[in-house]
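Report on the structure given below.
The values are calculated or read from the model by the stated rules, or taken from the named source; none is laboratory data. This one's a predicted model, so the numbers in the text were calculated from it and none came from an experiment. Here Cβ is always computed from backbone atoms with ideal geometry, including for glycine, and neighbour counts include all displayed protein chains. Side chains included, ligands, DNA and RNA excluded: accessible areas come from the protein's heavy atoms. Shrake-Rupley method; radii C 1.70, N 1.55, O 1.52, S 1.80 Å.
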Amino acid sequence: MTMTTDVRQAVTARGLKKVYGQGDAAVHALRGIEVGFATGAFTAIMGPSGSGKSTLMHCLAGLDTVSAGEIHIGDVEITKLNDKQLTLLRRERIGFVFQAFNLLPTLTAEQNIRLPLEIAGRQADQVLFDRVIETVGLGERLGHRPTQLSGGQQQRVAVARALISKPQVIFADEPTGNLDSRSGAEVLAFLRRSVRELNQTIVMVTHDPVAASYADRVIFLRDGLLVTELFEPTAQTVLDTLMKLEA
Amino acid sequence: MFRTTLAGLLAHKLRLLLTSLAITLGVGFIAGTFVLTDTIDAAFAQKFTADAAKISVAVLPDGDKADRRQDPILTTGDLAKVRGVRGVADAQGIVQGTAPLLGKNGKVAGSRATAGISVPEGALNRTVITEGSSPAAATEAVLDKDTAKTREFAVGDTITVLDAKQVKHQFTLVGLFDVGVNQELSFTGAVGFTADTARQMTGAKGFREIDVRGGDGVSPEGLRASVAAALGSGYTVKTGTQLADDLAAANNMDTAFIRMGLLLFGVIAMLVAALVIYNTFNILVAQRAREMALLRCIGATKKQVFGSILLESVVVGVLSSVLGLLIGLGLGAGALAVLGAVDAPIPTGVGVSLSTRTIVVGLVIGIIVTVAAALLPARAATRVAPIAALRAQVEESTFRAGMLRIVFGALFLLAGTGITALGVSKDPGQDALLAVMAGGCVFFLGVLILAPLIVKPLSAFVGWLPARLFGVPGKLAVDNSRRNPKRAATTTVALTIGVTLMTLISVVTTTTRATVSEQLDAQFPVDYMIGTQQHDATIPRTVAADLRSKPEFGSVVAVRETQTRIKGQSVNVGTFTVDPEFKVAPVTGSMQDFGPGTAAVTSWTAKELGVAVGDTLEAAGKGYRVVALLSDQATPVYGVSLTEQDFDAAFPEAMDRSVLIKVKDGVAAETSRRIVEAATEPYPAVLVESVTETRGAFDEALDMITMIITGLLGLAVLISLLGIANTLSLSVHERTRESALLRALGLTRPQLRRMLSIEAFVLGLIGALVGVALGATFGWAATQTMVNDVVFRAPVLQILGFVALSGVAGVVAALLPARRAAKASIVGSLASS
Ligand SMILES: Nc1ncnc2c1ncn2[C@@H]1O[C@H](COP(=O)(O)OP(=O)(O)OP(=O)(O)O)[C@@H](O)[C@H]1O
Ligand SMILES: [Mg+2]
């Protein structure tokens, strides 16, 4: 592997290790991960419970510190940044969709969508905004508060919010984990469309083989190590790989 | 169930501490008040007992109760009778009157005449000589050490004292003494003489008290009986122990008054603390709704849930009351140390302690207030349905103003306004003031009920600027401040109470000051006032005549007064020089008709006498027609004014009581002062007061009172700030995931901290604004009930200061919660449920 960053990679991680706790109680959540995520691709991360999926995502997004290794987002080595620089980087380059509790209850859907831009003090790109709003398909519900929206609608607002600041990468941790299959499908379709139409890079953690099948590529973790990957997955191939992993 | 509660309490020690602190401070203040007054009582009792131990029996004159002006006295004959009783080893008469000490400038020292007392010889001497010796000869005197210090006299100096006829006498100062706990003597200062000299100097016709020491083996009780038998009726004869008990009881009445005053502030503090506790428990119940629901799911009854919350409040109550008692002990000791440091006439040497009563009162108040405040939240907890445990996310509480709330609130506001208006429209007096106070309380209840409704618009108003200045953190903070209107309302109302009272006090004092000084300026533009130290002393008429001859003075008004009986009441009657510069403005009637055969009466006296304009008064055997009623404040003669001719004809022996001087424009202050002093030089008993100085002293006294009251109200404000800190830290806890989300989206730590500070700032400002509005309004209403023509003044700067301080205090209260919120790790907070 060369030392220069591949420009087509939105995110790369090298020799990534994460240890929780010390001594006897130490948990090696990540034990040396080498991975890259291509620009404009939709990647799913899968693996058994406790394999380190969330930890990996948190480290990649600069929400958590790493024990060893380095991470680049674009041309920035985020493992060298302090808290303030990381915060500003998140503001500019990263979008998030969490499993739950994505929206501020005091703000309307539209205000929630605009929030990252406001925090950064940037103007919304009106063309992009209209397009995102159109894609999110909320119409007149934009003026509603989160409690007045269904779970699927809430998650779509969260995705729209992540898209609006044109981040280099969007991280989503089980975005459909709390949804029924129909709402889940809506959100996943929305995610895939934003990859196709807006050339957005998305990294998504999921447990669900069907959700993973929406991605362009699936990587599999086990015991803090990247063990295999699948391109152009279907629900069936993902399921088969998982079965093999757990065996 | 109990174990679950206790485990929950222990898991949140900081929260427990913050909650307890509110009650702790309130109980601490109340306990401190008791500790302070108990200690003072005990110290006085000890001192009286020690003094009384020297006396076997004390004789006091009964006196004529109907005529209070005549001090009852005991004669030398009485003393001789007592000395003749079998078993009496020694008996001494105690003389006390006035004996004005002259300062080094040859004028009477101080604005009050020093007292002249007898210093008995032998074992009955109760005067504590601290330096030198007791007076042994007619040419010797002793001086109390405080007066000696301020007037710069030392043992060996010669001092000059005026006798009752204002003749100067010189004495050698042979010693200094300590007046101890005698409030009267410590106020005026005192000169001590031998018994005979004391009587000559003070002109006392007899003794205040005769102290008796019994011979060996004579019982005080027996001696009391024989002395009483020897004197017959008209005397009170007590044993030394009885005397000490009576003195202590009288003194306890004084401290009871102080205690009541201080406790009033304690009650206000407890009221605020109750609001804080109520709010805290409400939030806790809301936050633990799922926990409660889970308990209900696994079989806990409503009663058990209710009980667990109440148990929690009992633990908080007991803990904070006990802590409060300890703080009270410290406060009491601190207050005593401060009083000792400023040389207050309070005996020292008795240690502070918590009496059983203090402990009981402190515990009962603390526990009852805490538990009572937790009752409603506990009831709310029982309404959590078991199914709530299964819901994914606790819903945002939505607040809709119920019709009932609006109707009740409006009714209270209306009733409060009505009662207040009634008070304002009434004639000034205590009833009117009470009506305004009652109206204020009712109105405040209305505000309390409607507070959740007014919080929203107010936060939009107050937050307008911060939301624009501070970008996203500002906007979010303003949103957060009103997202739970009930919670925000209770939090801010706690602060409102303190700010309302502070504003009210400052409005009332400022208005009082303005009213008094404007009336004086308008009607009596006086530069100097010549008066006397003693109430019954007078100024020779030559002084006014002399001053009138000086070209520097524009007008010189002499005021003569005396007491006479009108309609069976003892009334002040007087006259004053008519001068165009002194506009005596009547409240009703006209001074145009004021001439021979007529009288002008101040309003209060007119009411007492039951006379109105047109009625006729009879004084000293002559009738006078009342032509005008005068203001009670700015009138030269308080009571009945007659013309100079009428007055001099009726009371030819009356001399001037005071002389008012107005200096001509353009005369320098030093020049006029020199002339006034030169004119009064020959009369050592005559005092010259510059009105500017007098007003300065008046202002200072008023400022002092305002400061003390504001300081005492500060406790309530402090407790309400704890409430803001508590609410905020609970809200922060509630919004852990929200904060983490914001941080993930790119809000920096300082921005997150700022967001919470602004929220607290907005809350503080809302509380202060409502308080200032209420305080100013009811302050205005209160001043309307004091006197008729009030000059209303609002201390705008001071009020703005209260508002600004409340905002800043809110920010300070947010410091800790904000720090904790900013320190939390994003990943950890996101995971928390
Ligand atoms: N804060 C922490 N302290 C200690 N150990 C942790 C912490 N967070 C995660 N772990 C451990 O690290 C390992 C990886 O956890 P992680 O949450 O990344 O798993 P995951 O793949 O996301 O699991 P799941 O599918 O259940 O979400 C687990 O063994 C977990 O117990
Ligand atoms: Mg996970």
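Before moving on, here are some points about what is shown:
- Solvent-accessible area buried by B and A, counting both chains, probe 1.4 angstrom, square angstrom: 2300 Å²
- Surface share of carbon and sulfur [accessible, 1.4 angstrom probe, percent] for the stretch B:410-456: 76 percent
- Of every Cα-Cα pair in the stretch B:120-184, the percent that sits beyond 18 Å: 39 percent
- Comparing the full protein assembly with the isolated chain (1.4 Å probe, heavy atoms, ligands and nucleic acids excluded), the residues of the stretch A:28-63 losing at least 10 square angstrom of accessible area are A:His58, A:Leu63.
- The ellipsoid that matches the Cα gyration tensor of the stretch B:459-608 has semi-axes, each √(5λ) in whole angstrom, of 58, 21, 15, with the longest given first.
- Theoretical ellipticity at 222 nm over chain A - DSSP helices of four or more residues, -39500 (n - 2.57) apiece, nearest 500: -11000 deg cm²/dmol
- From phi via Karplus (6.51, -1.76, 1.60), per-residue ³J(HN,Hα) for the stretch A:183-200 in Hz, x at Gly/Pro: 4, x, 4, 4, 5, 5, 4, 4, 4, 5, 5, 5, 5, 5, 8, 9, 6, 7
- Cleavage-rule hits, GluC sites (Glu not before Pro), the stretch B:83-174, DSSP coil, Cβ neighbours within 10 Å at most 12: B:Glu152
- Compactness check for the protein assembly as shown: Cα Rg over 2.2 N^0.38 Å is 1.34.
- The apolar share of the surface of the stretch A:21-90, taken as the fraction of accessible area on carbon and sulfur atoms (1.4 Å probe, ligands and nucleic acids excluded), comes to 48 percent.
- 11 Å beta-carbon shell around B:Gln200, net charge (K/R +1, D/E -1): 0
- In the context of the full set of protein chains, the stretch B:488-627 has a per residue accessible area of 40 Å² (1.4 Å probe).
- Residue by residue, the stretch B:579-590 carries 3J(HN,Hα) couplings of 9, x, 6, 9, 8, 8, 8, x, 6, 9, x, 9 Hz when phi is fed to the Karplus relation 6.51 cos²θ - 1.76 cosθ + 1.60 (θ = phi - 60°); x denotes Gly or Pro.
- Taking a sphere under 13 Å around the Cβ of B:Thr616 and counting the other residues whose Cβ falls inside, with K and R at +1 and D and E at -1, yields a net charge of +1.
- Both the radius of gyration and Dmax for chain B are 34.1, 102 Å, in that order, over alpha-carbon atoms.
- Placing +1 on each Lys and Arg Cβ and -1 on each Asp and Glu Cβ, with no other charges, gives chain B a dipole about its Cα centre of roughly 5160 debye.
- Other-chain or far-sequence residues with amide H under 5 Å of B:Thr236's (modelled H): B:Leu60, B:Asp62
- ³J(HN,Hα), Karplus 6.51/-1.76/1.60, whole Hz, each residue of the stretch B:775-789, x for Gly, Pro: x, 5, 5, 6, x, 4, 4, 5, 5, 5, 9, 8, 9, 6, 9
- Each listed q (0.10 Å⁻¹) maps to a log10 I(q)/I(0) for the stretch A:92-247 from the Debye sum over equal C-alpha point scatterers, namely -0.37.
- Averaging over all projection directions, the Cα-based convex hull of the stretch B:176-252 occupies 7.2 nm² in the image plane.
- For the stretch A:87-114, residues shielded by at least 20 square angstrom of accessible area compared with the chain on its own, probe 1.4 Å: A:Thr87, A:Arg90, A:Arg91, A:Phe96, A:Phe98, A:Phe101, A:Leu104, A:Pro105, A:Thr106, A:Leu107
- Reach of B:Lys550 by Cα under 30 Å, taken over lysines that are not fewer than 8 positions away in the same chain: B:Lys104, B:Lys107, B:Lys165, B:Lys168, B:Lys583, B:Lys662, B:Lys664
- Built amide H within the under 5 Å cut-off of A:Val227, gap 5+: A:Phe220, A:Leu221, A:Arg222
- Placed amide H near A:Ala38: partners under 5 Å, 5+ positions off or other chain: A:Ala10
- For the stretch B:267-372, size of Cβ-based charge dipole, Lys and Arg +1, Asp and Glu -1, in debye: 540 debye
- Ordering of A:38-50, B:817-829 by burial proxy (mean other Cβ atoms within 10 Å per residue, highest first): A:38-50, B:817-829
- Complex-versus-alone comparison for the stretch B:466-512, residues with a loss of 50 Å² or more in accessible area, probe 1.4 Å: B:Val472
- In the stretch A:1-111, the C-alpha radius of gyration followed by the widest Cα-Cα span (Dmax) gives 15.4, 49 angstrom.
- Global size of the stretch B:729-768 as Cα Rg and Dmax, reported in angstrom: 11.2, 35
- Distance distribution note for the stretch B:776-827: the fraction of Cα pairs above 12 angstrom is 75%.
- Here the translational diffusion coefficient of the stretch B:647-760 follows from Stokes-Einstein with Rh set to the Kirkwood radius across Cα pairs; for 4 °C and 1.567 mPa s it amounts to 60 µm²/s.
- The stretch B:100-209: translational diffusion in µm²/s, Stokes-Einstein, Kirkwood Rh over Cα pairs, 37 °C, 0.692 mPa s: 241 µm²/s
- Fraction of alpha-carbon pairs over 28 Å apart in the stretch B:684-833 - percent: 44 percent
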